[in-house]
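S.K.: Have a look at this one before I ask anything.
Every number in this text was worked out from the coordinates using simple rules, so none of it is lab data. On a predicted model such as this, the values are computed, not experimentally measured, just so you know. For neighbour counting, all protein chains shown are included, and Cβ atoms are generated from backbone atoms with ideal geometry for every residue, glycine included.
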Amino acid sequence: MDLKTIKGIGEKKEKILNKLNIFSCEDLIEYYPYSYIDTTKFKKIKEITQEACYSFRLKIVSLLENKKKKNIRVIKFLAMDEQMNYCNIVYFNNIFILKTIKVGFIYEMYGNVKLLNGVVEIQNPTLQGKTKLIGGIIPLYHLACGITNLDIIKATKELLKNNDLLAEKLPEYIINKENLISYKDAIKNIHFPNDRNIFLDAKKRLSFEEFFFFLISMKILKRSEKEAISFKILDETFKFIDSLEFKLTNSQKKVLDEIFKDMKSSKQMNRLLQGDVGCGKTIVAFISIFNAIKNGYQVAFMAPTEILARQHFEYAKKIFEKFDINISLLVGGLKEKEKNKVQQEIKDKKVDLVIGTHALFQEKVIYKNLGLIITDEQHRFGVKQRLLLSKKSKSPDILVMSATPIPRTIGLVMFCDLDISTIDELPNGRQKISTYFVSEKYEKRYINFIKENIYQGRQAYIVCPLVDESDVLELNNVKNLYERLKFEFFKDIDISFIHGKMNPLEKENIMNDFKSGKIKVLISTTVIEVGINVVNANIMLIYNAERFGLSQLHQLRGRVGRGKEKSYCILVSNKTTDIVKKRMDIMTSSCDGFYISQKDFLLRGYGDILGYRQSGEVKFKLIDIQKDYKLLENVKKYVDELLKEDPNLEKEKNKLLKETVFKILKKLNNEIIMN
């Protein structure tokens, strides 16, 4: 139904509603309040003992004041309640209120109360209007400039009269089994609840429904994968594996079998390769790349940072050196002439493997026959970024990697039914990292510990959360921390700093100097979070550790422990709240990325599971994953049962359900890629 069919919504307000992602009457009726004001309890004047917002039923006794004070129009009335107790009502800069309020009349109102020298003063109260809101529970909606809360309330009340919009969507047997209220009752009481219990019933019903339709939509979308390339698994690929300087772990072999099975299939691969920091995901990806290239296809390998892209580029050159594979680097930091040359070579298929950042999916980049896309640290890319890259070819196989199933990845797995491969075995030689949580007052002690290790030939990372000074947050920042530590502790030691705002060449030079051992201590932001491999670095010191998620701390910790020397991670924070202690206890007690990610998930939530928040689009309306993930497990059971019985939703009883699902799919289909 068109929004303009609603009384009071014209073309101008329709455009404003569109800005709120409301394009139809169905969208508006499911545009839920974010909060409520309870105005059901009318107060007597003598009951007011503290400043807050209250409802009143008052008689206007007289106009006390109507004058300007310092460019502010002040209009003050004397009012009394039925017990003959008096108060003042004040309006600021509202000359029109004189036409509304009449002396001698009784008004219901709701407003903010101030206690001034023992006198109750109600400031700018809202008066009862035709919609009769005061005395009830008033919903509050997120707004855009040009539309008021009252506009949405009126429009929603109008829509609630339309039974066609309130038709039942869920199968009846689920409603009965789960003891859910009807859709009609749920919608009415999510907008205008009479009490807390009916509100909770409405929320439960609509949360169930939101999970239900989202899961069905994702499963159908996943099932509708396109026909894709059917790769051969070549003998040459196994010879390449045999040529490596190390043996694959059993876990890596198992994962490769799963990837090869996908590559042989005529269905598009959409696989998540997950594994703890340092488990050997990258070599598994490069084996897959080798096989795709030797089948005659191009491969795009996308990394989240130029530092990581360049590192992968150097690694690829090293391991593919003897195998006649043309490799190019495409990152934002290249000169325009170099970029143009690489882009032309990709178009002419003179490049087999292109490694880069977001530059890989720019419009100018045209692939001759892209067969495989790999994204490293997939949580760092938005859905639209990966979607743009996948559209560079008809149906390329897609492999995404993540060091641990961080909250967002857990969300992807839970909601999108991804195919998952897990490397759960670390290669020989990986060191367990001892982790400690300390206050900054012990700085001299832990810095001296770093210096002792440096004198023994080791190197260290020092990480802090900000690049520049912040007037708001008292956090360490890279530049100031570098200058302070250099002056106080590292006068005779080569140290440097790096951050994401530096130009690519500068960052590359600093990283090369650190890798070569010229720089002993590298102070950095999280630009070194992923993929950086400096075997000689054995200490990771993280300031303001409370500012990072657990999975991010684990990623940072994974930059050390790559050599034979004993490695350490020191988490520094002056915060001692229960939640900080709980989070740091998790880090100091475990080096298991999967365990840590589960804890992170429960503490922080799933993140933007489909990149929605990154692209400013749809979010879940009612679901709070930290509180509702058990509901998800319950809903998933019904979804699986339904799709087993009616895979294509063709039965007559599922007609409305199917219409709802395909409306969702129509909205999402151009925005989602299943990785």
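S.K.: Counting other beta carbons within 10 Å of each Cβ, put H142, H554 in order, fewest first. Write down the numbers at each step before the final one.
M.R.: On the way: H142 12, H554 29.
Result, fewest neighbours first: H142, H554.
S.K.: Right, next: Want the number for I420 to Y595: 0.36 nm per residue separation, take away the alpha-carbon distance, what's left?
M.R.: On the way: separation 175, 0.36 × 175 = 63.00 nm, distance 1.70 nm.
Here the segment from I420 to Y595 would lengthen by 61.3 nm.
S.K.: Which pairs, out of K177/K630; K67/K99; K486/K518; K132/K169, put more than 21 Å between their alpha-carbon atoms? Don't skip to the answer; put the middle values down first.
M.R.: Details: K177/K630 17 Å; K67/K99 16 Å; K486/K518 16 Å; K132/K169 31 Å.
Flagged as over cut-off: K132/K169.
S.K.: Would you mind checking the range 283-313 for residues with the amide N under 17 Å from a putative spin-label position 7 Å along Cα→C-beta of S243?
M.R.: Counting only backbone N, you get 283-297.
S.K.: Something else: Output the 0 to 90 degree angle, nearest 10, between the alpha-carbon long axis of helix 281-294 and the longest principal axis computed from the alpha carbons of the chain.
M.R.: Tilt relative to the chain: about 70 degrees.
S.K.: Once you compute Rg and the Kirkwood Rh from C-alpha atoms, what is the Rg to Rh ratio for the range 1-67?
M.R.: That ratio equals 1.22.
S.K.: What fraction of the DSSP beta bridges in the range 214-362 is antiparallel, stated in percent and rounded to the nearest 5? Before the final figure, lay out the partial values.
M.R.: Working: 1 of 9 bridges.
Among the beta bridges of the range 214-362, antiparallel pairing accounts for roughly 10 percent.
S.K.: Still on this structure, please answer the following. To check you understand DSSP bridge types, tell me what percent of the beta bridges within the chain (both residues inside) are antiparallel, rounded to 5. Walk me through the numbers on the way to the answer.
M.R.: On the way: 35 of 91 bridges.
If we restrict to bridges inside the chain, about 40 percent are antiparallel.
S.K.: May I pose another question? Under a point spin-label approximation (7 Å from Cα along Cα-to-Cβ), what is the K253-N326 distance to one decimal in nm?
M.R.: According to this spin-label approximation, the distance is 3.6 nm.
S.K.: Taking the range 38-125, which trypsin sites (Lys or Arg not before Pro) meet the DSSP loop condition and have no more than 11 other C-beta atoms within 10 Å? Walk me through the numbers on the way to the answer.
M.R.: Numbers: sites: K41, K43, K44, K46, R57, K59, K67, K68, K69, K70, R73, K76, K99, K102, K114; in loops: K41, K43, K44, K70, K102.
Here the sparse-neighbourhood loop sites are K41, K70, K102.
S.K.: Angle, helix 593-604 long axis vs. longest principal axis of the chain, Cα atoms, 0 to 90°, nearest 10?
M.R.: On a 0 to 90 degree scale, this one is about 10.
S.K.: Kindly state, to the nearest 0.05, the FRET efficiency for K349 paired with L505, given R0 = 30 Å and r defined as their beta-carbon distance. The partial results should precede the final answer.
M.R.: Numbers: r = 29 Å, r/R0 = 0.97.
The formula returns an efficiency of 0.55 here.
S.K.: May I pose another question? Taking Cα Rg over 2.2 N^0.38 Å as the quantity of interest, determine which of (i) 1.24; (ii) 1.18; (iii) 1.01 was computed from the displayed structure.
M.R.: (ii)
S.K.: A further question on this structure: Ordered by packing density, taken as the mean number of other Cβ atoms within 10 Å over each peptide's residues, highest first, how do 328-336, 237-245, 303-311 rank?
M.R.: On the way: 328-336: 17.0, 237-245: 12.8, 303-311: 23.2.
Answer by packing, highest mean first, reads 303-311, 328-336, 237-245.
S.K.: For an R0 of 41 angstrom, estimate the FRET efficiency from the Cβ-Cβ distance between E236 and E363 and round to the nearest 0.05. The partial results should precede the final answer.
M.R.: Numbers: r = 35 Å, r/R0 = 0.84.
Using R0 = 41 Å, I get an efficiency of 0.75.
S.K.: Report relative contact order for the chain in percent, whole number only (criteria: Cα-Cα under 8 Å, sequence separation at least 6). Don't skip to the end; give the middle numbers.
M.R.: On the way: 1172 pairs, mean separation 85.3, N = 675.
The normalised contact order for the chain reaches 13 percent.
S.K.: Ok, one more. Quick check: pseudo-label points 7 Å beyond the Cα along Cα→Cβ at K518 and K102, how many nm apart are they?
M.R.: For K518 paired with K102, the spin-label model returns 8.7 nm.
S.K.: Peptides 273-281, 127-135: what's the order by average Cβ count within 10 Å, highest mean first? Kindly include the intermediate steps, with their values, before the conclusion.
M.R.: Working: 273-281: 23.9, 127-135: 14.3.
The packing order, highest mean first, is 273-281, 127-135.
S.K.: What order, most packed first, do the peptides 560-566, 29-35 have when packing is the mean number of other Cβ atoms within 10 Å of each residue? Write out the running numbers ahead of the final one.
M.R.: Numbers: 560-566: 19.0, 29-35: 16.4.
Answer by packing, highest mean first, reads 560-566, 29-35.
S.K.: Continuing with the same structure: Using a/c under 1.5 as the rounded threshold, could you call the range 74-122 rounded, prolate or oblate? The axes a ≥ b ≥ c are square roots of the C-alpha gyration tensor eigenvalues, and prolate needs a/b larger than b/c, oblate otherwise.
M.R.: In terms of gyration-tensor shape, oblate.
S.K.: Once fully extended, how much extra length lies between D494 and D585, figured as 0.36 nm per residue of separation less the alpha-carbon to alpha-carbon distance?
M.R.: Numbers: separation 91, 0.36 × 91 = 32.76 nm, distance 3.31 nm.
So the extension gain works out to 29.5 nm.
S.K.: Under a plain spin-label model, where a point goes 7 Å from the Cα along Cα-to-Cβ, how far apart in nm are K19 and K184?
M.R.: Placing both labels 7 Å along Cα→Cβ, they lie 3.6 nm apart.
S.K.: Set the Förster distance to 56 Å, then compute FRET efficiency between E172 and K575 from the Cβ-Cβ distance, nearest 0.05.
M.R.: Values: r = 51 Å, r/R0 = 0.92.
In this case the efficiency is close to 0.60.
S.K.: Separate question: So between K655 and K69, what do we pick up on full extension, going 0.36 nm a residue minus the alpha carbon distance? Before the final figure, lay out the partial values.
M.R.: Working: separation 586, 0.36 × 586 = 210.96 nm, distance 6.51 nm.
Result for the pair: 204.4 nm of gain on full extension.
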